[in-house]
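Novice: Please find one structure pasted underneath; my questions will follow.
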C-alpha cells in the first residue's frame, strides 16, 4: 500500500551513497576500519570510552547479558512494554524475565518502585527501556541497582541522542542515554533515528567489559580478521564460546553518515512532537500525549497518542487507514504473547491500560508540519 503519510521514512541522500561507494572502493566488506571509526564516533557522541558495534540490537542485548554473566537461575527485571528482544535474549541465556509495570499512562517507562518490589536474591540485572526516546527515571534506578548490587542495562534502542534530566538534582543530569547504566544497547533498524537497515551498538565505561563484548561478538577469538589481514596477527586463539555478531563495513559506513545528521534530525523530530502536542492538547475530548512536558530532552523516536478508551482508539485506527495514513502500536504487552504464556499472571495494570489505548502516529525528520495537521485532523475526527 502506498501511504499518504507513512509511519516512518529515511533521511537518505548523497552522504549515504558516498559512504557505500567508499566501502565498495576499499574492497573490504567485513568488520574493519569503518566499524572502528563508527565505534569511536558513536562513543564520543554518547560520552563513553567504549562502544562495540554488532549486527543488531538483539545481538547487543545478548552480548550485554553474557558479558555480565546472566545465566541459568538468574532473573532479569524488565518492562513488559517493549519489543520482545530483551525478553527473548533473557530466555536465550537460560534466565527468567520478570516483568515490571510502567510509571503511568503519561510516563510509560519502568517504575522504580515496581522494580524494587520484584527484586529477589536471584535478580542479576535490570533492563531500563527508554520508551519512545524518553529516558526512564534513571537516578532512582541507578541508586537502587547500586545499593542492591544489580547490573543496570539501558535498552536505548529508541533513545540515540537523548540526554537525561529529571530536574531532581540527585541523579546523572546531562548524561546521554547509554552512558548512565553499566551498559547501553542501541538499534540501527530501518525505522530508528539512526538507520542503517540492521545493526546495533553496546556502550560501556568498562574496558574489561568492552573487551569481553568484542570477543563474544566474534566467536571468542583473540585476533579479528582485519588484524590478520593487515599482518598484525598470523593466527588466533579462542578464549570464550562466542557468536558471529559482527557489524560489516557497509552498515558501519551508513551509520557514520547517519550519525552526522542525528542532532539535526532529532531536533526536527522534537519540533514535530511539539506541534502534535499542541494539536492534541487543544482538542476537545480526552486524548492525551505521553511525555508532553518533556520533549526537550527526548530523542523523539515515537509519536504516541492515548485515546480516551479502547473503542475510540480502534475507531481512530480505522479512520487513519481509510485516509491512507499509517499507524501502529508500540507495543503489545509481552506477557500476553503465546510464547510467554507462563507470565500472564503478572500484575501489569498500567501496561495493559496503556496498550489498550495507545496509537503510534507518523513521525520522521523529513515529515512536514502540514502532515502533522492532516494526521491530527483524521485522528481527532475533524
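The values are calculated or read from the model by the stated rules, or taken from the named source; none is laboratory data. Since the model is a prediction, treat every value here as computed from it, not as a measurement. No Cβ is skipped: glycine too gets one built from the backbone with ideal geometry, and neighbour counts run over all protein chains shown.
Novice: Can you tell me which of 43, 20, 25 is part of a helix (DSSP H, G or I) and within 22 Å of residue 300 (Cα to Cα)? So that I can check it myself, show each step before the final result.
Specialist: Numbers: 20 fails: within 22 Å of residue 300 (Cα to Cα); 25 fails: within 22 Å of residue 300 (Cα to Cα).
Every option except 43 fails the conditions.
Novice: OK, next. Which of the residues that make up the range 334-367 are closer than 30 Å to residue 271 by Cβ and in a loop (DSSP other than H, G, I, E, B)? Before the answer, list the steps.
Specialist: The first filter runs over the range 334-367 and keeps only residues closer than 30 Å to residue 271 by Cβ, leaving 350-351, 353-367.
Scanning the range 334-367 gives 362, 363, 364, 365, 366, 367.
Novice: Scan the range 112-125 for residues that are without any contact (Cβ under 8 Å) to a residue 40 or more places away in the chain and closer than 21 Å to residue 184 by Cβ and jot them down. Can you show your working first?
Specialist: To start, the set of residues in the range 112-125 that are without any contact (Cβ under 8 Å) to a residue 40 or more places away in the chain comprises 112-117, 121.
Of everything in the range 112-125, those that are without any contact (Cβ under 8 Å) to a residue 40 or more places away in the chain and closer than 21 Å to residue 184 by Cβ turn out to be 112, 115.
Novice: Further, regarding this structure: In this structure, is residue 159 buried (at least 24 other Cβ atoms within 10 Å of the Cβ), in contact with a strand residue (DSSP E or B) (Cβ under 9 Å, 6 or more places away or on another chain) and under 16 Å from residue 77 (Cβ atoms)?
Specialist: Details: buried (at least 24 other Cβ atoms within 10 Å of the Cβ): yes; in contact with a strand residue (DSSP E or B) (Cβ under 9 Å, 6 or more places away or on another chain): yes; under 16 Å from residue 77 (Cβ atoms): no.
No.
Novice: What do you reckon, is residue 300 part of a loop (DSSP other than H, G, I, E, B), under 21 Å from the mean Cα position of the chain (by Cα) and touching a residue at least 24 places away in the same chain (Cβ under 8 Å)?
Specialist: Details: part of a loop (DSSP other than H, G, I, E, B): yes; under 21 Å from the mean Cα position of the chain (by Cα): yes; touching a residue at least 24 places away in the same chain (Cβ under 8 Å): yes.
Answer is yes for this residue.
Novice: Scan (1) touching a helix residue (DSSP H, G or I) at 6+ places or on another chain (Cβ under 6 Å); (2) within 18 Å of residue 105 (Cα to Cα); (3) at pLDDT 95 or above; (4) surrounded by fewer than 21 Cβ atoms within 10 Å (Cβ to Cβ) for the single condition residue 328 breaks and write down its number.
Specialist: Condition (1) is where residue 328 drops out.
Novice: If you go through the range 250-270, how many residues are closer than 16 Å to residue 33 by Cβ and surrounded by fewer than 18 Cβ atoms within 10 Å (Cβ to Cβ)?
Specialist: Number of matching residues: 0.
Novice: Out of all the residues in the range 334-344, is one or more within 15 Å of residue 108 (Cα to Cα) and touching a residue at least 24 places away in the same chain (Cβ under 8 Å)? Reasoning before the result, please.
Specialist: First, pick out the residues of the range 334-344 that are within 15 Å of residue 108 (Cα to Cα): 334.
Still in the running and touching a residue at least 24 places away in the same chain (Cβ under 8 Å): 334.
Looking through the range 334-344, at least one residue is within 15 Å of residue 108 (Cα to Cα) and touching a residue at least 24 places away in the same chain (Cβ under 8 Å).
Novice: From the list 311, 316, 292, 278, pick out the single residue that is in a loop (DSSP other than H, G, I, E, B) and not assigned by TED's automatic domain parsing to the domain that holds residue 175.
Specialist: On the way: 311 fails: in a loop (DSSP other than H, G, I, E, B); 316 fails: in a loop (DSSP other than H, G, I, E, B); 278 fails: in a loop (DSSP other than H, G, I, E, B).
Answer to the selection: 292.
Here is a yes/no grid of residues against (1) loosely packed, with under 14 Cβ neighbours inside 10 Å; (2) under 13 Å from residue 256 (Cα atoms); (3) touching a residue at least 60 places away in the same chain (Cβ under 8 Å); (4) touching a strand residue (DSSP E or B) at 6+ places or on another chain (Cβ under 9 Å):
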| residue | (1), (2), (3), (4) |
| --- | --- |
| 33 | no, yes, yes, no |
| 38 | no, yes, yes, yes |
| 56 | no, no, yes, yes |
| 61 | no, no, yes, yes |
| 65 | no, no, yes, yes |
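Novice: If I filter the range 337-349 down to residues being surrounded by 18 or more Cβ atoms within 10 Å (Cβ to Cβ) and closer than 10 Å to residue 100 by Cα, which single residue comes out as modelled with the lowest pLDDT?
Specialist: Residues of the range 337-349 that are surrounded by 18 or more Cβ atoms within 10 Å (Cβ to Cβ), as a first pass: 340, 343, 346, 348.
From the residues that got through so far, the ones that are closer than 10 Å to residue 100 by Cα too are 346, 348.
Working: 346: 76, 348: 96.
Filtering the range 337-349 for residues that are surrounded by 18 or more Cβ atoms within 10 Å (Cβ to Cβ) and closer than 10 Å to residue 100 by Cα, the one modelled with the lowest pLDDT comes out as 346.
Novice: Checking the condition exposed (fewer than 14 other Cβ atoms within 10 Å of the Cβ) and at positive phi, which residue from 381, 310 passes?
Specialist: Numbers: 310 fails: at positive phi.
Testing whether each residue is exposed (fewer than 14 other Cβ atoms within 10 Å of the Cβ) and at positive phi leaves just 381.
Novice: So which of 133, 181 ends up being surrounded by 17 or more Cβ atoms within 10 Å (Cβ to Cβ), more than 18 Å from residue 100 (Cβ to Cβ) and in contact (Cβ under 8 Å) with a residue 12 or more places away in the chain?
Specialist: Exactly one of 133, 181 is surrounded by 17 or more Cβ atoms within 10 Å (Cβ to Cβ), more than 18 Å from residue 100 (Cβ to Cβ) and in contact (Cβ under 8 Å) with a residue 12 or more places away in the chain, namely 133.
Novice: Within the range 184-213, can you find the residues that are assigned to a helix (DSSP H, G or I) and surrounded by fewer than 24 Cβ atoms within 10 Å (Cβ to Cβ)?
Specialist: Applying the first criterion (assigned to a helix (DSSP H, G or I)) to the range 184-213 yields 207-213.
Hits for the range 184-213 are 207, 208, 209, 210, 211, 212.
Novice: Is there a residue being closer than 18 Å to residue 110 by Cα and modelled with pLDDT of 95 or more anywhere in the range 310-322? Explain how you work it out, then say what you get.
Specialist: Initially, the range 310-322 is screened for residues closer than 18 Å to residue 110 by Cα, giving none.
No, every residue in the range 310-322 fails to be closer than 18 Å to residue 110 by Cα and modelled with pLDDT of 95 or more.
Novice: Answer with yes or no whether residue 145 is closer than 19 Å to residue 11 by Cβ, assigned by TED's automatic domain parsing to the domain that holds residue 243 and either more than 13 Å from the chain's Cα centre (by Cα) or not in a strand (DSSP E or B) (or both).
Specialist: Details: closer than 19 Å to residue 11 by Cβ: no; assigned by TED's automatic domain parsing to the domain that holds residue 243: yes; either more than 13 Å from the chain's Cα centre (by Cα) or not in a strand (DSSP E or B) (or both): yes.
Taking the combined requirement at face value, the residue does not satisfy it.
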